[in-house]
1. Give me the number: length gained by fully extending Asp261 to Asn220, i.e. 0.36 nm times residue separation minus the C-alpha to C-alpha distance, one decimal in nm.
2. What relative contact order, as a whole-number percentage, does the range 181-277 give when Cα pairs under 8 Å and 6 or more residues apart are counted?
3. Could you give the radius of gyration (one decimal) and Dmax (whole number) of the Cα atoms in the range 181-277, in Å?
Amino acid sequence: MKIFENGLNLDISGILSLIVPIGIKIILLILAFILFVPIGKRIITKSLQKAGKNEKLSPSRVKTLEKLLVNVFGYVMIFVFIVMLFAIFAIPIGPLLAGAGIIGLAIGFGAQGLVSDIVTGFFILLERQIEIDDYVTTAGYDGIVEEVGLRTTKIRSFDGTLNFIPNREIIGVANHSRGNMRALVDLTVKYDENVNEAITILEKVCEEFQSDERYKEGPNVLGVQSLGTNDLVLRVVGQTENGLQWACERDMRKRIKEEFDQANLQIPFPQQVFIQENK
C-alpha cells in the first residue's frame, strides 16, 4: 500500500512537474500577446500619421491604410500565437502546414470568390478608388465608406445601415468626394409671372452667397433652362466645398423663397435639386 502511495505520489509529482512549466509558458505567452498587440497597433497608427504628414497624404488615405494594416497585423499575431502555442506543447507544425496545404488545395476551387475579393480589394486600394469617409455609390449601395479591407468593404447608408460588400461585387464606383461638388437648383416659374423680375431676384440671392466661404465658385444664374407646358425652369449653379453642398442648397432655397414671397412671385411646384460631381 505504501509502495502504491509512493508510486502515486511520484506520478502526481511527475505530472505536476510537466504541467506547471507548460502552464507558466502559456500564461506568459498570453500576457505577451495582450501587451504587444496594442503596442503594435499604436506603433502602426503613429507611423502612418507621421508618414502622412511627411508624404502629404490625405487624412482619408491615412485612415484607410491604418485600418487595413491594423487588421493584417491582428491576423499575423493570431498566427504567431498559434504557432508558439504548438511549440509549447512540442507539436510539430510542419506536418500540420503540409496537411493544411493539401486541404487548401482541395477547397481552392470552391474559394474562387474569396480569391476574387482579395485581388479586387488589392487593386481598389492600389488605385485609390475609394477611401474611408468618401461618399460613394457602388454595388447598389449609397453612403459613406467606413472601412476598406482586402476582402470586404463597409459602407454606411444615410439611414444608418452598415453594408458589408464583398469586393468582387464592387464594379463601377461613383466617388462623390473627389474635388468640389456642383449644386444645381432648378426653379419652376409660371408663364404669367414676370420672368425678368424672377431672374433679378435670383441674381440678388446669388450675390449674397458669393461671399460665402463654402462656395468655391459662384453661384450664378444661368437663366431659362427649359420650357414646360405650364411653366418654365430657371437654373442656378455653384460649386461648393465637398460635403457642404446640401447645407448650401438648403440655405439658398430658403433665401429664394423669402425673396419671392416679398415680390409676390409664386413657385408652383417644389424646386428640384440635382448634385453632380465636378469633373
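1. Numbers: separation 41, 0.36 × 41 = 14.76 nm, distance 2.09 nm.
Additional length available on full extension: 12.7 nm.
2. Working: 164 pairs, mean separation 44.5, N = 97.
Contact order relative to length: 46 percent.
3. When restricted to the Cα atoms of the range 181-277, Rg and Dmax are 12.7, 38 Å.
Taken together, the values in this text are just the output of simple stated rules run on the coordinates, not laboratory data. Nothing here was measured: the structure is a model prediction, and the numbers come from that model.
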